[in-house]
Amino acid sequence: MTTQLPQDGLEDILRRAPVVPVVVIEKLADAAPLARAMVAGGLSVIEVTLRTEVALEAIRIIAAEVEGAVVGVGTVLNPRQLAAAQEAGARFAVSPGATEALLDAAASLGAPLLPGVANASQAMALIERGYRFAKFFPAEPAGGAPYLKALASPLPQLQFCPTGGVTLESAPSYLALPNVICVGGSWMLKPETIAARDWAAVTAASKNAAQLRN
């Protein structure tokens, strides 16, 4: 009998590209073309945050209609949201922190969850539960690349996806660290560009982000 680990399948997803775009979708009509523009630029893993009323339906649309996209859900705060996102087609989930209830739900649902941590104690709690990957959030206010570098030696069991204030300019300093698997960011998704539905600009910015390498 095999036991499913908390993050089965997540490593393959996080290694697809150096950057996971963090997406806020305000209009459903933008969901598919925006996702296609990012995929065309080389960013196939897309985190749609639960910050708008249309987020779950946007996940459903991207999962069903955008070839090559691996869509996940972000800003997951509780088990109900996790279950709803999984039902909508989310392949992975991201949370800003980690509660016992959320971690228990992820284990029960078999949902690959990337929980957030901001310090060593929180990271150790995840390691105790078998986690190998965590979101480092908010990355810049919590200490940035120097803080993550300091965690590499005492906590080699855990790799991070830093998110929160990461930019095209600062991303390389994170990606150079041995305990960073990818970064999360939204710099390639300027609100004015999305409002203008300038998908070519999104693709160009996504290409620049996809060219960042560990």
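The values are calculated or read from the model by the stated rules, or taken from the named source; none is laboratory data. From a predicted model like this one, the values you see are computed outputs, not experimental measurements. Methodologically, a virtual Cβ is constructed for each residue, glycine included, from the backbone with ideal geometry; neighbour enumeration extends over all protein chains shown. For accessibility, only protein heavy atoms count, side chains too; no ligands or nucleic acids. Shrake-Rupley method; radii C 1.70, N 1.55, O 1.52, S 1.80 Å.
Out of the range 7-25, which residues are open to solvent by 30 Å² or more (accessible area, probe 1.4 Å) and in contact (Cβ under 8 Å) with a residue 60 or more places away in the chain? Those that are open to solvent by 30 Å² or more (accessible area, probe 1.4 Å) and in contact (Cβ under 8 Å) with a residue 60 or more places away in the chain: Asp8, Gly9, Glu11, Arg15, Val24. Listed by first and then second residue, the pairs linking a residue in the range 197-214 that is over 17 Å from Val22 (Cα atoms) to a residue that is polar (S, T, N, Q) and surrounded by 15 or more Cβ atoms within 10 Å (Cβ to Cβ), with Cβ atoms under 9 Å apart and 6 or more places separating them unless they lie on different chains, form an empty list. Can you confirm whether the range 85-94 contains a residue that is without any contact (Cβ under 8 Å) to a residue 40 or more places away in the chain, within 19 Å of Gly185 (Cβ to Cβ), of a type in the set (D, E, K, R) and open to solvent by 10 Å² or more (accessible area, probe 1.4 Å)? Taking every residue of the range 85-94 in turn, none turns out to be without any contact (Cβ under 8 Å) to a residue 40 or more places away in the chain, within 19 Å of Gly185 (Cβ to Cβ), of a type in the set (D, E, K, R) and open to solvent by 10 Å² or more (accessible area, probe 1.4 Å). On inspection, Gly72 fails the criterion of being in contact with a Lys or Arg (Cβ under 9 Å, 6 or more places away or on another chain), open to solvent by 20 Å² or more (accessible area, probe 1.4 Å) and either part of a loop (DSSP other than H, G, I, E, B) or free of Cβ contacts under 8 Å to residues at least 60 places away in the same chain (or both).
Filtered by the rule that a residue be modelled with pLDDT of 95 or more and either more than 17 Å from the chain's Cα centre (by Cα) or assigned to a strand (DSSP E or B) (or both), the range 110-122 gives Leu113, Leu114, Gly116, Val117, Asn119, Ala120, Ser121, Gln122.
Table: residues versus (1) modelled with pLDDT of 95 or more; (2) outside any loop (DSSP other than H, G, I, E, B).
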{"site": "Asp8", "(1), (2)": "no, no"}
{"site": "Ile13", "(1), (2)": "yes, yes"}
{"site": "Ala17", "(1), (2)": "yes, no"}
{"site": "Ile46", "(1), (2)": "yes, yes"}
{"site": "Thr52", "(1), (2)": "yes, no"}
{"site": "Ile62", "(1), (2)": "yes, yes"}
{"site": "Gln81", "(1), (2)": "yes, yes"}
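Put simply, of Gly164, Gly116, Gly144 the only residue that is without any contact (Cβ under 8 Å) to a residue 60 or more places away in the chain and under 14 Å from Leu77 (Cα atoms) is Gly116. The single residue among Ala40, Ala35 that is touching a residue at least 12 places away in the same chain (Cβ under 8 Å), surrounded by fewer than 20 Cβ atoms within 10 Å (Cβ to Cβ) and of a type outside the set (Asp, Glu) turns out to be Ala40. In the set (1) open to solvent by 20 Å² or more (accessible area, probe 1.4 Å); (2) without any contact (Cβ under 8 Å) to a residue 60 or more places away in the chain; (3) within 17 Å of the chain's Cα centre (by Cα), the condition left unmet by Glu169 is number (3). Picking from residues in the range 174-196 that are assigned to a loop (DSSP other than H, G, I, E, B) and open to solvent by 40 Å² or more (accessible area, probe 1.4 Å), the one that is nearest to Val22 (Cα to Cα) is Ser186. Going through (1) within 22 Å of Gly97 (Cα to Cα); (2) open to solvent by 10 Å² or more (accessible area, probe 1.4 Å) one by one, Thr49 falls short only on (2).
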